[in-house]
Each structure stands twice: as structure tokens, then as C-alpha cells.
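Read-outs: derived from the displayed coordinates by stated rules, not from any lab. Everything quoted here is computed from the prediction, not taken from an experiment. Positions of Cβ are generated from backbone atoms using ideal geometry, with glycine treated the same way; all protein chains shown enter the neighbour counts.
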2 protein chains.
Amino acid sequence: MATLESRHLLDLLGIEWPIVQAPMAGISTPQMAAAVANAGGLGSIGVGAMTAGAAAEAVREFRERSQGPLNINVFCHRPAAKDGEREAAWLEALRPQFESVGADVPVSLREIYRSFVADEAMFATLLAARPRVVSFHFGLPPAAWIRAFRATGTVLLATATNLAEATASVNAGVQVIVAQGYEAGGHRGIFDPDGPDERLGTATLTRLLARRLHVPVIAAGGIMDGQGVSAALRLGAGAAQLGTAFVGTEESAADDGYRTALFSEEANHTVMTRVISGRPARCLANRFTAFGATVTRHVPSYPIAYDAAKSLHAAAKTVGERGYGAQWAGQGAPLARRLSAAALVAALVAELNAP
Amino acid sequence: MATLESRHLLDLLGIEWPIVQAPMAGISTPQMAAAVANAGGLGSIGVGAMTAGAAAEAVREFRERSQGPLNINVFCHRPAAKDGEREAAWLEALRPQFESVGADVPVSLREIYRSFVADEAMFATLLAARPRVVSFHFGLPPAAWIRAFRATGTVLLATATNLAEATASVNAGVQVIVAQGYEAGGHRGIFDPDGPDERLGTATLTRLLARRLHVPVIAAGGIMDGQGVSAALRLGAGAAQLGTAFVGTEESAADDGYRTALFSEEANHTVMTRVISGRPARCLANRFTAFGATVTRHVPSYPIAYDAAKSLHAAAKTVGERGYGAQWAGQGAPLARRLSAAALVAALVAELNAP
């Protein structure tokens with residue numbers, strides 16, 4: 001069954017191997033996505049932190065390097081609710097952190113990235129670019145946009161962290177579900193970050209969705225090698241999505257501090273926190289997450305909190321402190337490898353095909 | 001590799017299939033363990049809530065029914081620290097819950113079960129009973145006891161929730177590690193319930209331990225069918241341990257309220273809570289876990305808190321309220337099946353061997 005499911009999904013996505021490079025906004029690059037696509041996997045670019053113009057340029061850069069399939073990932077959160085009082089209080093809470101790296105606290109915070117659901121220009125750009133795949137994270141876009149993508153033949157994916165989100169996505173016309181377990185690094189795709197979170201593990205969620213849904217499932221979270229991909233297929237997934245495995249590749253945009261942490265003992269400890277961006281995301285344990293563990297007040301909405309985090313990280317870097325980075329990583333981080341993206345895909349395929 | 005690992009472990013445990021029925025103190029029965037052993041798996045009895053005499057009787061009942069291998073599981077927590085002030089405050093916090101079911105609050109709480117590490121009689125009983133396997137949960141017993149078990153040929157297992165616990169266990173002479181993921185139902189085996197918890201998922205933890213250790217690993221947490229067992233083997237485990245899958249079997253000691261909840265929509269929601277027993281444990285969401293979510297004070301030590309929980313559940317049952325039970329279940333609960341233990345093992349084997 002797994003084999004049939006897998007074949008169907010590979011055909012749909014236009015890939016040779018059941019391997020998806022996770023979109024990772026800010027970390028993935030057109031070079032990474034092209035290397036993965038050229039190696040027979042699905043390359044992805046996360047445009048959650050880009051303008052429509054930058055996204056168009058990223059697609060162009062990908063296409064200069066690959067004729068393969070491309071997955072463009074967008075963030076579909078409810079647009080941020082400005083709350084001057086909360087943001088001022090948050091900046092005040094962050095003051096000692098800024099001071100510890102010799103920096104001034106910003107005077108105010110902005111919604112630094114626009115949600116896809118409120119970004120008509122991005123929608124028009126992606127519709128025109130006709131990537132093989134568009135994937136949704138944090139929720140779903142307007143129904144008319146889903147219909148428009150489907151009409152052009154674009155395959156639609158959505159992240160789900162539970163059965164209810166998966167069912168809502170399928171009912172809205174999404175064709176493939178990315179089952180994101182609690183182990184996963186980076187932003188948790190949960191639709192409502194203020195609602196209850198069942199924290200379902202990758203294997204359990206994958207098996208549950210494979211049993212309950214009638215569409216293909218891609219397993220995501222904590223998968224670092226071909227054995228992990230193989231296990232996901234045994235659970236009924238059609239493919240596996242790997243992010244942290246690609247963070248340390250040559251093509252990654254991860255900065256030196258992030259790479260250093262990933263390939264150190266620090267990889268053994270990750271924390272789900274919302275203090276960095278305003279939404280729950282799994283990060284290597286660092287100074288920022290340690291501060292986060294002491295926080296009881298409400299963090300501003302995503303991505304308003306992220307504005308403060310980026311200022312703090314930038315200031316800290318100037319004094320050689322790398323502990324304030326958004327060093328997203330999943331629980332599998334200790335198994336990360338230093339390879340090129342192409343070599344990583346080749347290794348995954350070899351491990352997957354080993355008896 | 002997985003196949004070789006698996007074969008080695010099966011020989012060590014004396015079983016035909018890579019399937020371990022989780023010990024589940026209070027829920028497993030000699031009948032259940034014997035049915036599993038007779039079907040080619042490893043049957044287990046958790047004696048954490050038994051006296052030495054009751055454990056000896058359970059072994060006898062098992063052996064009346066099976067010549068197969070038996071796993072006796074013991075709880076190796078630090079013996080409870082009595083704290084009259086904390087316990088009185090806790091009973092006060094529980095007063096509205098008791099009153100809601102028309103019962104009086106107990107006047108005091110007791111350490112209702114003795115830790116194995118302080119139970120010489122249990123040690124002597126198990127040493128004399130010579131079960132094929134003894135498994136440790138919550139920590140490790142004295143080094144001399146480990147040596148004594150090893151000298152009689154008993155195979156020793158220990159639960160680990162992270163690499164540090166696994167390494168400590170192997171260094172102490174434990175031969176097989178049960179990798180318990182955050183998805184698992186019932187008591188989390190974490191050695192120090194007051195320390196940090198990485199909450200590693202089953203698949204990620206299993207893969208990490210299979211890569212890092214030189215002893216066999218048994219995957220536990222969220223596994224409900226043969227496809228899940230197969231996935232665990234692909235991750236390098238030698239076998240899989242299933243608990244929740246056996247809670248609803250005919251041989252289980254689960255009460256009617258527990259079974260009703262397990263086979264209802266309630267199975268979709270589980271909560272890791274320490275309010276029931278004093279240690280983190282995953283339970284079907286019910287009135288008790290909902291109360292737990294509102295608790296900020298310190299819960300008494302395990303198993304002192306459990307004394308209150310058992311009184312509350314007993315009182316609630318007399319008025320038809322089943323929402324105060326210790327209805328332990330893992331995240332895979334929605335996939336539970338109503339079968340006999342033997343039929344469940346047969347189904348698992350068929351699924352495992354399916355292409």
C-alpha cells in the first residue's frame with residue numbers, strides 16, 4: 001500500500017524520490033531547491049519573508065538552475081493584530097536582553113512580513129509563475145485562490161498538525177497533507193496558535209492521517225536520514241519532508257552562528273517557543289529560548305514579535321553573541337550532516353533503498 | 001541492519017515476533033501477558049502497584065497459562081518524600097472535585113506503593129521467580145541488584161526518554177533500552193520528573209538511540225498497528241512496545257468507563273499531566289485532566305498524589321461519573337481495536353508481514 005501511495009504522490013509532484021526539502025523561509029535558497037530538484041526530490045522555497053518581487057526573482061533563480069518541480073511555500077496566518085500596549089510592554093521585557101549586548105531597544109515594532117492571505121500581489125505573482133506546487137502553512141488562503149491555483153494545474157499542499165486541520169484542508173481543495181509532528185523544527189503549522197495543541201508526534205500523526213484521509217500524506221518532523229524516510233513510507237506516507245537535515249548544507253542561508261550551534265552539542269536540546277517570532281517554533285536551546293522560559297506575559301502577534309527578535313539578533317551578532325538567533329531545528333538535529341544538498345539527497349536515496 | 005538487530009533481540013527475549021505488550025501496572029493481567037506470550041510476543045506484567053506477594057501470585061497465574069517468556073516491570077522512582085503541608089494543600093485544592101461527586105476529602109494521603117529500589121522483598125521474589133525479563137521504569141535499581149539479575153540470566157530492560165538516560169542504563173548493565181517517546185500513554189519514564197524534559201518523539205528518539213547505542217532498542221509510544229511496528233524496525237529498533245493497543249483487549253483490567261472513553265471520540269485528545277499520580281503521565285482528556293490544566297501549585301510526590309486520585313475516582317464512580325479515572329492512553333488511541341490479546345497480536349503480525 002505504501003508503495004502505491006508513494007508512486008501516486010511522486011507522479012503528482014513530478015519527482016523521482018519520496019523526498020521533500022522543507023521550505024524553511026529565510027534558510028532555503030533557490031540554489032538549494034534547484035539542487036534538490038535536480039537530484040530527483042522536491043525543492044522548496046519559503047517566501048513567507050519575501051515581497052512578491054523577491055519571490056518572482058527567487059523563482060527565476062531556481063529556473064536558471066533547474067527544470068525540475070518547485071514548491072513555493074506561503075504563510076497563511078491571520079494578519080497580525082497591532083496592539084501598541086502589548087508591544088511596548090514586550091519591548092520593555094526585552095530591554096535587559098538588548099542591554100546585555102550593548103544595544104538600545106527599538107522604539108516600536110512593525111508587521112515585517114505580510115500574510116499571504118492579505119497579499120494580492122504575491123497571489124498574482126505565484127499564479128503567473130505556475131510552480132509545480134504551492135504549499136500553505138499556518139492555515140489556508142481564500143477559497144477563490146485555491147480554485148485559481150487548481151485551475152492552472154498547480155498541486156496544493158497544506159501543513160496539518162492534527163486531523164481537524166487536515167480535514168479542513170482537504171475539504172477546501174488541498175490535494176496533499178504535510179503531517180507536521182511536534183518534533184519538527186521551525187514554525188509549527190498549527191492554524192490557531194492560541195488554541196489547544198495536542199502535540200502529536202510525527203509517526204503517530206502520519207499513521208492517523210494515512211488511515212483517516214483519502215489523499216496522500218507527507219510526513220514531517222524529526223526525519224534526518226533515509227531510514228527515517230523509509231519508516232514514514234511504512235506508516236503510509238507517500239513521501240517525507242526534511243528541513244533540519246538541509247539547514248547545514250552548503251546551499252543553506254543559515255549564518256555561521258546557526259551552523260556552529262547545529263553541529264555542536266547544542267543540537268541535543270531544542271525548545272518549542274513563541275518568544276522569537278510570536279508563533280510557536282522549535283529552536284535550538286540558546287540565550288533567547290532560555291529567556292523565553294522565564295516569560296509569562298503575552299508575546300506580540302506573529303510577525304510583530306519577530307521584528308524585535310531580528311533587531312536583537314543583529315545587535316548581538318555585532319558583539320559576537322550568537323545566542324539570540326532564530327536557530328530553528330527539529331528534534332533530530334543531532335543527526336545533521338555537513339553535505340551539499342545534492343550529496344544529502346543522494347545519501348538519503350541510498351539509505352532509503354538499502355535492504 | 002534492522003533485520004539483524006531484530007533477530008538478535010528476538011533471540012535474547014525468546015520471542016517469535018518483535019512485539020512487546022507494555023507492562024501497564026494496574027491494566028495488564030497475567031491472562032493478557034500469557035495470551036501475548038503464547039502468540040509469540042513478549043507478555044508483560046507491571047508490578048508497580050503490587051506487593052511482593054501479589055507479584056509472586058501474578059507470576060504463578062501467568063505460568064499456569066504459558067510457558068513463554070515473561071517481562072516483569074518495576075517502578076524505580078526515588079521513594080516519595082512525605083510533605084504534610086503540601087499534601088494538605090493539595091487535598092484542599094481537590095476539595096471542590098470531591099464535593100462535585102458528593103464525597104468527603106480524605107484526611108491524609110499515604111505512599112500507597114513502595115518503590116522497587118526500597119522493596120527488598122520484591123527484589124527477592126523476582127530474583128527467585130526468574131522471569132525471562134525484568135524491566136525498569138523511572139530509573140534504575142541498586143547496582144548489586146542489577147548484577148544479581150544478570151547472574152541468573154534474566155534479561156534487563158530500562159525505559160529511557162533521552163540519550164542520557166539510555167547511556168546511564170547501558171553503563172549500569174541494562175541490556176536493552178525501551179525508547180519511550182512523548183506520544184506514549186501512561187507514566188512517562190523520565191528519571192527526574194522535576195528536571196527538563198526534551199519531549200522527544202518516538203521515531204526521533206528511536207532513530208537517535210539506534211544510531212548512538214550498541215545495544216538493542218525497543219520503540220514505544222503511539223504505535224498501534226503492524227505498520228507502526230514495521231516503521232520502528234526501519235528506524236533501527238529491534239522490536240516495538242505497544243500499550244494503548246492492549247488497553248481495550250478482553251484480558252485488560254481497564255474498567256468500563258475507561259473502555260468507553262477509549263472507544264469514543266474522547267480518544268482523540270490526550271494530555272500529559274502529573275495531577276493524577278504525582279508524575280507526568282499521558283491520559284485521555286477528562287474531568288481530572290481539565291482540572292489539572294488549572295493547577296499551578298505543586299502536586300505531591302508520586303505515588304502520594306495517586307492516593308487522592310484513586311479515592312476521587314472511586315467516589316466519582318459511585319455516582320456514575322467516569323471522568324476522574326487514570327485513563328492512561330497514548331496519542332495513537334484513536335486507532336485502538338476491540339480484540340482479544342491473541343487476536344491483536346495476530347493482527348499486528350499480519351500487518352507487519354504485509355508487503
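A few remarks follow.
- Exposure proxy for B:PHE138, A:PHE123: other Cβ atoms within 10 Å of each Cβ, ordered fewest to most, give A:PHE123, B:PHE138.
- Label geometry 7 Å along the beta-carbon vector: A:ALA54 inter-copy distances in nm: 6.3
- Dipole moment magnitude, nearest 20 debye, the range A:1-139 about Cα centre, only Lys, Arg, Asp, Glu C-beta charged: 380
- Summarising the amide proton neighbourhood of A:GLN241: residues at separation of 5 or more, or on other chains, whose placed amide H is nearer than 5 Å comprise A:VAL20, A:ALA219, A:ALA220, A:GLY221.
- Listed by Cβ neighbour count within 10 Å, with the fewest neighbours leading, A:THR152, A:THR202 appear as A:THR152, A:THR202.
- For chain A, the longest principal axis of the C-alpha atoms and the axis of helix A:52-65 are separated by about 50°.
- Long-range HN-HN contacts of A:VAL178 with modeled amide H, under 5 Å: A:ALA158, A:THR159, A:ALA160, A:ILE218
- Given +1 at the Cβ of Lys and Arg, -1 at the Cβ of Asp and Glu and no other charges, the dipole of chain A around its Cα centre is 600 debye to the nearest 20.
- For A:GLY102, inter-copy label distances in nm, listed shortest first [label point 7 Å out on the Cα-Cβ vector]: 7.3
- Taken along its three principal axes, the alpha carbon spread of the range B:171-326 comes to 51, 35, 25 Å, from the longest extent down to the shortest.
- For B:THR270, distant residues with modelled amide H under 5 Å away: B:ALA285
- Distances between equivalent label points of B:ALA81 across the copies, with each point positioned 7 Å along Cα→Cβ, amount to 4.1 nm, shortest listed first.
- Sequence-ordered 3J(HN,Hα) estimates for the range A:107-114 from the Karplus curve with 6.51, -1.76 and 1.60 and θ = phi - 60° stand at 7, 7, 10, 10, 7, 6, 10, 8 Hz, glycine and proline given as x.
- Relative contact order [Cα under 8 Å, 6+ residues apart], chain A, whole percent: 20
- In this Cβ point-charge picture (+1 for Lys and Arg, -1 for Asp and Glu), the protein assembly as shown has a dipole of about 700 debye about its Cα centre.
- Residue order, fewest to most surrounding Cβ atoms within 10 angstrom, among B:SER6, A:SER28: B:SER6, A:SER28
- In the range B:217-270, the inverse of the mean reciprocal separation of distinct Cα atoms equals 12.3 Å; this is its Kirkwood hydrodynamic radius.
- 3J(HN,Hα) along the range B:166-175: 5, 5, 4, 5, 4, 4, 7, x, 6, 9 Hz, from the Karplus curve 6.51 cos²θ - 1.76 cosθ + 1.60 with θ = phi - 60°, whole Hz, x for Gly and Pro.
- For B:ARG110, neighbours were defined as the other residues whose beta-carbon sits under 10 Å from its Cβ, and their charges (Lys and Arg +1, Asp and Glu -1) total -2.
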